[in-house]
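Read the structure below first, then the notes.
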Amino acid sequence: MKIRIPLLGALLAPLLLFSQNRIGTGTVAELYRAECAVCHGDNLEGGLGGSLLGDLDYASGDESIRQWIEEGNPDLGMPAFGNSLSDPEIRSLVIYIREMRQKDEREADSTGETSKEAGGHTFRVEERVSGLSIPWSIDFLPDGAFLITERGGTLRIFRDGTLLPPVKGTPEVWAHGQGGLLEAALHPEYGENGWIYLGFSKSRNGEGSTAVVRGRIEDNRWTDEEPIFEVPEAHLRSARYHFGTRFVFKDGYLFFSIGDRGLQDSAQDPASPNGKVHRIHDDGRIPEDNPFQSEAEAFPSIWTLGNRNIQGLDAHPRTGEIWASEHGPRGGDEINLIEKGLNYGWPVITHGMNYNGTPITEKTEKPGMEQPALQWTPSIAVCGIDFYEGDMFPQWEANLFAGGLASEELHRLVIEGDEVVRDEIILSGIGRIRDVATGPDGALYLVLNGPDEVVRLVPEEKND
């Protein structure tokens with residue numbers, strides 16, 4: 001299914017969010033022009049050599065493209081570059097060719113039409129909440145009201161068609177770059193205890209990281225706040241990106257993510273909380289059976305490591321297994337099954353390259369490091385995810401929905417066991433999809449940035 005994705009403006013490019021805007025740019029583009037363009041054309045359209053656009057019999061997948069560049073083909077006049085280019089440079093050219101093919105495919109579809117049929121259902125998109133300012137996450141109160149975070153630091157309730165004033169007394173957040181009020185989620189036993197958990201970026205002396213608190217809302221005021229998790233001062237960073245933060249409650253534990261905070265190698269360091277998934281009791285205590293507890297220097301709440309910047313986290317409704325969406329660099333967005341003590345590889349292995357077009361590594365796999373269940377190269381800037389658990393779309397039961405920021409796409413993933421067996425784009429061009437959630441009414445809700453609103457997917461035949 002070909003979908004044309006309009007390029008976004010460069011307003012927020014310094015935040016390193018929009019890898020798709022960098023397609024055709026940077027060091028790798030200069031490398032291509034120096035080594036390849038004389039035969040294959042400036043835009044891969046072909047010349048003395050053949051076009052590199054489309055799926056070629058001799059160079060379709062990543063490995064065959066890499067082999068073609070490294071070893072060449074004398075019969076077709078293709079020189080070998082294995083002695084003149086490094087392995088990371090060859091890997092960056094593979095990513096560049098993949099990017100340019102995607103760009104060509106999307107520009108070829110000039111209609112921009114969006115399919116509204118997927119997985120046995122026909123649906124339409126309805127606007128539900130407008131008037132927001134960079135909404136980041138959504139959860140649902142028992143009375144049907146929506147709980148919505150805004151990155152700038154406000155917590156909003158939408159009830160009975162009205163967007164209420166910001167909840168008073170919420171924590172002060174460090175609203176810079178990707179930081180702010182990022183996550184709000186009800187405790188699984190909210191009906192009995194009233195706890196609401198907030199994940200946000202918190203600063204001390206101009207440096208910050210991810211913090212978690214819980215509290216209650218009474219008369220539109222935040223009360224009874226208790227600290228649940230905070231990063232020690234030694235691990236704070238001035239970087240304004242890669243805060244992670246999404247929540248999953250399971251078996252009395254709270255799982256959440258923290259990004260690498262701009263220090264790639266920290267994701268491999270057990271002594272650092274950055275670039276990890278964490279597991280704590282829902283009251284903040286550290287479980288004694290966490291996988292790195294026995295290591296004296298290890299950060300005690302770590303559950304997994306080698307995670308660049310997890311932007312989505314959810315538990316499978318049938319198996320209880322936790323799945324994550326990981327925001328890659330330029331290429332290499334991932335969907336992963338999150339399991340105790342595993343290493344997901346960043347930055348030792350990755351399918352992506354740096355935003356400026358320079359290589360990170362030639363390695364996409366290594367013993368002892370997990371392969372993604374699915375990876376997107378070029379990147380879609382994957383963000384929030386949700387396993388569908390409603391009754392409006394029975395054919396979508398337990399499908400995983402993943403939103404893309406730069407691509408403005410909604411993907412429907414079919415999972416069997418530990419494998420993603422299908423990836424279908426079911427929406428595009430409606431805005432940057434920040435979060436996805438199944439509502440209590442059975443609709444699928446999307447939190448959008450640009451426009452800043454909440455919409456829902458409902459069956460085409462449903463009027464209410």
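If amide hydrogens are placed 1.01 Å from N in the peptide plane, which non-local residues have theirs closer than 5 Å to the one on residue 376?
332, 333, 334
What does the C-alpha gyration tensor say about the overall shape of the stretch 128-208? Classify as rounded when a/c is under 1.5, otherwise prolate if a/b is larger than b/c, or oblate. Kindly include the intermediate steps, with their values, before the conclusion.
Working: a/c = 2.45, a/b = 1.43, b/c = 1.71.
The shape class here is oblate.
Where only protein heavy atoms count, and the probe is 1.4 Å, what is the accessible area per residue for the chain in Å²?
Heavy-atom accessible area per residue stands at 41 Å².
Compare the peptides 377-383, 117-123 by average per-residue count of other Cβ atoms within 10 angstrom and give them in order, highest first.
In decreasing order of mean packing, 377-383, 117-123 become 377-383, 117-123.
Once amide H atoms are placed 1.01 Å from N in the peptide plane, what residues at a sequence separation of 5 or more from residue 387, or on another chain, have their amide H within under 5 Å of its amide H?
401
For a test of understanding, tell me how many lysine pairs in the chain have Cα atoms under 21 Å apart, given they are 8 or more places apart or on different chains.
11
If you place +1 on the Cβ of every Lys and Arg, -1 on the Cβ of every Asp and Glu, and leave all else neutral, what size is the dipole of the chain about its Cα centre, to the nearest 20 Debye? Present the calculation step by step, with values, prior to reporting the outcome.
On the way: 42 positive and 75 negative charges, 246 e Å.
Here the size comes out at about 1180 debye.
First compute the accessible area of the chain with a 1.4 Å probe, then give the percent of it belonging to carbon and sulfur atoms.
Carbon and sulfur together cover 44 percent of it.
When ranked by the protection proxy of mean other Cβ atoms within 10 Å per residue, highest first, what sequence do the peptides 252-263, 447-458, 229-240 form?
252-263, 447-458, 229-240
Find the relative contact order for the stretch 78-197 and round it to a whole percent, using C-alpha pairs within less than 8 Å whose residues are 6+ positions apart.
Rounded, it is 15 percent for the stretch 78-197.
Sort 326, 207 by heavy-atom solvent-accessible area, probe 1.4 angstrom, most to least.
Details: 326 10, 207 70 Å².
Ranking 326, 207 by accessible area, largest first, yields 207, 326.
Name the long-range amide H neighbours of residue 78: under 5 Å, sequence gap of 5 or more, or other chain; modelled H, no Pro or chain starts.
Correct list: 73.
The values are calculated or read from the model by the stated rules, or taken from the named source; none is laboratory data. These figures come from a predicted structure and were not determined experimentally. Virtual Cβ from ideal backbone geometry, glycine too; neighbours counted across all protein chains shown. Heavy atoms of the whole protein, side chains included, go into the accessibility calculation; ligands, DNA and RNA do not. Shrake-Rupley method; radii C 1.70, N 1.55, O 1.52, S 1.80 Å.
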